[in-house]
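Okay, structure first, notes after.
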Amino acid sequence: MLLEAKRIVKRFGGLVANDGVDLSVDEGEIIGLIGPNGAGKTTLFNCITGFLRPEAGTIVFDGTDITGWPPHRVTRRGIARTFQLVRNMDGLTIEENVMIGALARTNHPDEARRVARSVLELVGLDRAAHRYPGEMPLAVQKQMELARALATRPRLVMLDEVASGLSPEEMEEFAELVRRIHQERRVAFVVIEHVMEFVLPLSHRVLVLSGGKPIAEGTPEEVTRNPAVIEAYLGESHAASR
């Protein structure tokens with residue numbers, strides 16, 4: 001098992017955002033994480049990646065307990081992430097933005113530039129390397145953020161609503177990019193998403209949260225037929241369309 005988060009609890013005052021959540025990821029697996037707004041999905045990401053410390057539970061990555069580690073240590077251990085809102089450094093070029101990811105693993109700028117160029121070629125942005133992210137469409141900025149995550153040389157990438165704001169064509173292109181990276185580099189992914197047409201075909205397994213608690217887990221086909229998931233999140237119209 002690559003990642004095992006067990007019985008994670010995170011509170012914000014009287015609000016329990018994660019209430020005993022388990023998440024496991026095997027090597028090379030793609031996990032979808034779905035649920036209504038406020039279900040605790042991004043909070044779980046933040047606990048795993050070190051932006052928040054859970055009140056209870058353990059997070060084990062590749063056999064090492066990383067519970068409460070700061071983000072930079074989690075990154076160096078092999079977990080990278082993207083964010084709901086793209087975090088560009090607009091004064092830097094796309095290549096320089098990606099170099100920042102590479103610098104998590106090396107102190108040598110020339111090596112960081114080499115890694116950045118390799119990853120930009122992988123995601124199809126090598127010709128845009130010297131452009132500024134603020135000049136580019138949202139889809140390109142999201143590709144750049146994925147490239148920056150990949151430049152840290154992760155074994156697990158956690159994607160937070162990467163399909164948000166993309167056209168259907170852009171979503172399909174991004175899904176194909178994730179599949180290709182998964183196949184070529186055997187990187188595991190956990191994907192938070194509200195766009196079911198994006199996340200369900202991509203995922204090997206899906207975990208559904210509602211009210212901070214897991215309510216279902218299984219294949220995409222199993223969870224979309226689960227009465228609790230239909231009631232809490234998908235609705236009868238989605239279930240009827242499957």
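The values are calculated or read from the model by the stated rules, or taken from the named source; none is laboratory data. Note that this is a predicted model, so its numbers are computed, not measured. Methodologically, a virtual Cβ is constructed for each residue, glycine included, from the backbone with ideal geometry; neighbour enumeration extends over all protein chains shown. Note: accessible area is taken over every heavy atom of the protein model, side chains too, but ligands, DNA and RNA are not part of it. Shrake-Rupley method; radii C 1.70, N 1.55, O 1.52, S 1.80 Å.
Pairs under 7 Å by beta carbon, first residue farther than 10 Å from residue 54 by Cβ and open to solvent by 20 Å² or more (accessible area, probe 1.4 Å) in the stretch 2-18, partner among the small types (Gly, Ala, Ser) and not in a strand (DSSP E or B), six or more apart or different chains?
What qualifies is 16/212.
Can you tell me how many residues within the stretch 115-133 are open to solvent by 60 Å² or more (accessible area, probe 1.4 Å) and either in contact with a Gly (Cβ under 8 Å, 6 or more places away or on another chain) or within 21 Å of residue 84 (Cα to Cα) (or both)?
Qualifying residue count for the region: 1.
Considering every residue within the stretch 74-95, establish whether at least one is outside any loop (DSSP other than H, G, I, E, B), surrounded by 15 or more Cβ atoms within 10 Å (Cβ to Cβ), of a type in the set (Ser, Thr, Tyr) and touching a residue at least 12 places away in the same chain (Cβ under 8 Å).
Yes, there is a match, as at least one residue in the stretch 74-95 is outside any loop (DSSP other than H, G, I, E, B), surrounded by 15 or more Cβ atoms within 10 Å (Cβ to Cβ), of a type in the set (Ser, Thr, Tyr) and touching a residue at least 12 places away in the same chain (Cβ under 8 Å).
Can you pull out the residues in the stretch 29-38 that are crowded, with 16+ Cβ neighbours inside 10 Å and either assigned to a loop (DSSP other than H, G, I, E, B) or not β-branched (Val, Ile, Thr) (or both)? I'd like the intermediate steps shown before the answer.
Residues of the stretch 29-38 that are crowded, with 16+ Cβ neighbours inside 10 Å, as a first pass: 29-35.
Correct list: 29, 32, 33, 35.
Might you let me know whether the stretch 121-140 holds any residue that is part of a strand (DSSP E or B) and either among the hydrophobic types (A, V, I, L, M, F, W, C) or in contact with a Cys (Cβ under 6 Å, 6 or more places away or on another chain) (or both)?
Checked the stretch 121-140: no residue is part of a strand (DSSP E or B) and either among the hydrophobic types (A, V, I, L, M, F, W, C) or in contact with a Cys (Cβ under 6 Å, 6 or more places away or on another chain) (or both).
Contact list please: Cβ distance under 6 Å, first residue in the stretch 152-170 and more than 30 Å from residue 108 (Cα to Cα), second residue part of a loop (DSSP other than H, G, I, E, B) and open to solvent by 10 Å² or more (accessible area, probe 1.4 Å), pairs at least six apart or on different chains.
Final answer for the pair search is 161/84; 163/195.
Return a yes/no flag: does the stretch 184-206 have any residue that is in a helix (DSSP H, G or I), of a type in the set (D, E, K, R) and either touching a Ser or Thr at 6+ places or on another chain (Cβ under 6 Å) or at pLDDT 95 or above (or both).
Step one: filter the stretch 184-206 for residues in a helix (DSSP H, G or I), giving 184-185, 196-202.
Cutting the leftovers down to of a type in the set (D, E, K, R) gives us 184-185, 197.
Now drop any that are not either touching a Ser or Thr at 6+ places or on another chain (Cβ under 6 Å) or at pLDDT 95 or above (or both), which leaves none.
No, because not a single residue in the stretch 184-206 is in a helix (DSSP H, G or I), of a type in the set (D, E, K, R) and either touching a Ser or Thr at 6+ places or on another chain (Cβ under 6 Å) or at pLDDT 95 or above (or both).
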